[in-house]
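Enquirer: First, the structure itself, so that you have it in front of you.
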Amino acid sequence: MNHADGDDYLLPESGPGPVTFDPAHPFVPTVPDGPNQPTFRVADLTNPILKPWAVEQMRGANDEVLNGKIP
């Protein structure tokens with residue numbers, strides 16, 4: 001599915017995949033005239049490709065989104 005939000009990442013044949021949304025906070029893409037209210041991304045911080053310093057940076061961004069700020 002292609003959409004304006006551009007996060008159509010393909011999983012690699014082996015190894016960990018790209019950082020995607022947190023399953024507890026599913027991402028709903030922006031679809032013109034679609035039935036769903038779009039959401040902002042909340043990253044899945046459990047992805048093994050993330051270094052600890054990156055997790056902390058992303059946790060701050062996630063917290064802002066979860067507290068109603070626009071990223």
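The values are calculated or read from the model by the stated rules, or taken from the named source; none is laboratory data. Being a predicted model, the structure only gives us computed values, none of them experimental. Glycine also receives a Cβ, built like all others from the backbone with ideal geometry; neighbour counts cover every protein chain displayed. All accessible areas refer to the heavy atoms of the entire protein, side chains included, with ligands and DNA or RNA removed. Shrake-Rupley method; radii C 1.70, N 1.55, O 1.52, S 1.80 Å.
Enquirer: For the range 2-24, which residues satisfy the criterion of being at pLDDT below 80 and open to solvent by 100 Å² or more (accessible area, probe 1.4 Å)?
Expert: Matches in the range 2-24: Asn2, Tyr9, Leu10, Leu11.
Enquirer: Further question: Mind listing whichever residues of the range 60-71 are part of a loop (DSSP other than H, G, I, E, B) and open to solvent by less than 100 Å² (accessible area, probe 1.4 Å)?
Expert: The one that is part of a loop (DSSP other than H, G, I, E, B) and open to solvent by less than 100 Å² (accessible area, probe 1.4 Å): Gly68.
Enquirer: Under 6 Å between Cβ atoms, at least 6 apart or on separate chains: pull out the pairs that start in the range 18-41 with a residue that is under 18 Å from Gly68 (Cα atoms) and end on any residue that is assigned to a loop (DSSP other than H, G, I, E, B) and basic (Lys, Arg).
Expert: Phe21/Arg41; Phe27/Arg41
Enquirer: Still on this structure: For residues in the range 38-53 being outside any loop (DSSP other than H, G, I, E, B) and open to solvent by 60 Å² or more (accessible area, probe 1.4 Å), which is nearest to Gly15 (Cα to Cα)?
Expert: Among residues in the range 38-53 that are outside any loop (DSSP other than H, G, I, E, B) and open to solvent by 60 Å² or more (accessible area, probe 1.4 Å), the one nearest to Gly15 (Cα to Cα) is Pro52.
Yes/no matrix, rows are residues, columns are (1) open to solvent by 50 Å² or more (accessible area, probe 1.4 Å); (2) in contact with a Leu (Cβ under 7 Å, 6 or more places away or on another chain); (3) at pLDDT below 80; (4) not in a loop (DSSP other than H, G, I, E, B):
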| site | (1), (2), (3), (4) |
| --- | --- |
| Pro26 | yes, no, no, no |
| Pro29 | no, no, yes, no |
| Asn36 | yes, no, yes, no |
| Val55 | no, yes, no, yes |
| Met58 | yes, yes, no, yes |
